[in-house]
Amino acid sequence: MTNPRGLPLGESIHFGWTTLKTAAIFIVGVTLAAWLIPTLIEEAGKKAFEHGPRHFGMSLIVYAVSSTFCLGLAKIYLRFRDGEKPIFENLFDGLARLHVYIGATVIAGIAVVMGMVLLIVPGIIFMIRLWFVGFVVVDERTGPLDAIQRSWDITRGHTMDLLLLFLLLVGLNLLGAVCLGVGLLATVPMSGLALAYIYRYLKPKAAEPVPAEATAPAAQ
């Protein structure tokens, strides 16, 4: 059902900012790790394998590591949103779901590119509607196509609000880039936290199942 008052965009940005302030060292630390580790692997690969299939293989490794950390950051943002305390090891939680994420993002990427080639506007709509694929992958045990379908379903009726959020976050990160790029260490996780806030607004966390023994009548 479409929310008649729209998505809480201001609340999402505020959540990102307040969360960053309260856990700045942890958030900046995991963001730096997610950026630096793939970069170091890539630089090492360039020096070791300048050309040929080994260089291509190293590029695939860098892509896999970067994708794993993207999922890990999504998990960390969701844990903050759910009132939990994430730990550094959550950065690697996406490893088990990496194949699903890669499959979903490849399919979604093809759809966005095709939309851009056709009339641009469909590509923008596809991008906005499939924005939450990564969150779905770490939040549910779905396959690539199911993750795409979930993102498409929960964003139905909110395209314009999400487009406005996209523009707000682009502006925010441009400000971060202007500050010698260092500001991105704040604006990028703020953006991720804002997205986690909106994702959880669109798809509330499922209640934990109650163990059978907890509901069984006591033995007489």
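The values are calculated or read from the model by the stated rules, or taken from the named source; none is laboratory data. Treat the numbers as computed from the prediction; the structure is a model and nothing was measured. Backbone-built Cβ (ideal geometry, glycine too); neighbour counts: all protein chains shown. Protein only, heavy atoms only, side chains kept; ligands, DNA and RNA dropped before computing areas. Shrake-Rupley method; radii C 1.70, N 1.55, O 1.52, S 1.80 Å.
Observations, loosely collected:
- Looking at the chain, the accessible area is 57 square angstrom per residue; that uses a 1.4 Å probe and ignores ligands, DNA and RNA.
- Secondary-structure-derived ellipticity at 222 nm for the chain, considering helices only, amounts to -24000 deg cm²/dmol, per-run term -39500 (n - 2.57) for DSSP H runs with n ≥ 4.
- Cleavage-rule hits, trypsin sites (Lys or Arg not before Pro), the stretch 60-150, DSSP coil, Cβ neighbours within 10 Å at most 12: R141
- Within the accessible area of the chain, the carbon and sulfur atoms contribute 71%, probe 1.4 Å, all protein chains present.
- Look at the dipole of the chain built from charges on Cβ: of I25, V178, I61, the Cα furthest out on the positive end belongs to V178.
- L60, L184, ranked by accessible area, largest first (probe 1.4 Å): L60, L184
- By a 1.4 Å probe calculation restricted to protein chains, I124 has an accessible surface near 60 Å², given to the nearest 10.
- Helix runs (DSSP H) in the chain reaching 15 Å along axis by Cα, Kyte-Doolittle at least 0.0: 24-48, 53-81, 98-118, 159-178, 184-202
- When nucleic acids and ligands are ignored and a 1.4 Å probe is applied, E43 ends up with an accessible area of around 80 Å².
- Cα gyration tensor shape of the stretch 57-164, rounded if a/c is under 1.5, else prolate or oblate by comparing a/b with b/c: oblate
- E84 accessible area, assembled protein chains, probe 1.4 Å, Å²: 70
- Remark: the stretch 88-97, residue by residue, has Karplus-estimated 3J(HN,Hα) of 4, 4, 4, 4, 9, 5, x, 4, 5, 10 Hz, where x stands for each Gly or Pro and the curve is 6.51 cos²θ - 1.76 cosθ + 1.60 at θ = phi - 60°.
- Kirkwood Rh (inverse of mean 1/r, distinct Cα pairs), the chain, angstrom: 18.9
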